[in-house]
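Undergrad: Below you will find the structure I want to go over with you.
The values are calculated or read from the model by the stated rules, or taken from the named source; none is laboratory data. If you're wondering where the values come from, they're calculated on a predicted model, not measured in any experiment. Cβ coordinates were reconstructed from backbone atoms using ideal geometry, including for glycine residues, and neighbour counts include every protein chain displayed.
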Amino acid sequence: MNQDPSRPRRRTSESQPPRGASNVNSTLSIIIAVLAVLLGFFILRDIRSDQSGQTLPAESNNTVAPTDTTPVEVPVATTLVLTAFKIQVANASGMSGTAGQLTTELQGRGYIVQPAMNKSEITPKQTMTVVYYLLGSEAAAAAVASELGGVGIAAMPEPIPTETGKLGEASVLILLGSDIAGKPLGTGAAAVVPVAPTTTTG
């Protein structure tokens, strides 16, 4: 008998997926989903360990670098070695024993100070203390002047205003005036006031 062409044909087995194939597809989907979850877990764990191990040192390096450049000028003041130069104290205050007292105090603070002496006969009595320096000892004179509380500094006059007219091995001369004679050493001055070099004549 001929089939009625108006009747719909049944689907063949080729067009209809077998029931076993759908089960395989769902099983594969579950396995892929589980693998994706596990993979995501491991990736997140690696990212967290990388952040905890690498981010902090990078930040600390960035914060240290600016502070390294900030105190560039500070070592200039601290590089002065107190034992690299010698000091001579000459008493021009008119008060007996004050040059020896200042010599002892400076030695106690780490300076090398030669035995105290008096001013020259042609040098008048000083009311203001002055720190004189030989060429090249400007920084040493500034440090000593600051130690004395901010007295003036100037280049060494000619002739040298000591009783011998010499400095020995000293490169810095403190011509002690009555302003600080017999008083305790200052704790350091905010500013050092330079004075004009003076020359004494006979």
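Undergrad: For the subset of the range 136-178 comprising residues that are in contact (Cβ under 8 Å) with a residue 60 or more places away in the chain and over 19 Å from residue 100 (Cβ atoms), which member is farthest from the chain's Cα centre (by Cα)?
TA: Among residues in the range 136-178 that are in contact (Cβ under 8 Å) with a residue 60 or more places away in the chain and over 19 Å from residue 100 (Cβ atoms), the one farthest from the chain's Cα centre (by Cα) is 171.
Undergrad: Still on this structure, I have one more. Just to be sure I understand, how many residues within the range 116-162 are over 23 Å from residue 183 (Cα atoms) and not in a helix (DSSP H, G or I)?
TA: 12
Undergrad: At pLDDT below 95, surrounded by 13 or more Cβ atoms within 10 Å (Cβ to Cβ) and touching a Ser or Thr at 6+ places or on another chain (Cβ under 6 Å): is that true of residue 198 in this structure?
TA: Judged against the criteria, residue 198 is not a match.
Undergrad: To continue, here is another question. Only residues that are part of a loop (DSSP other than H, G, I, E, B) and farther than 19 Å from residue 151 by Cα: list them for the range 86-115, please.
TA: 96, 97, 110, 114, 115
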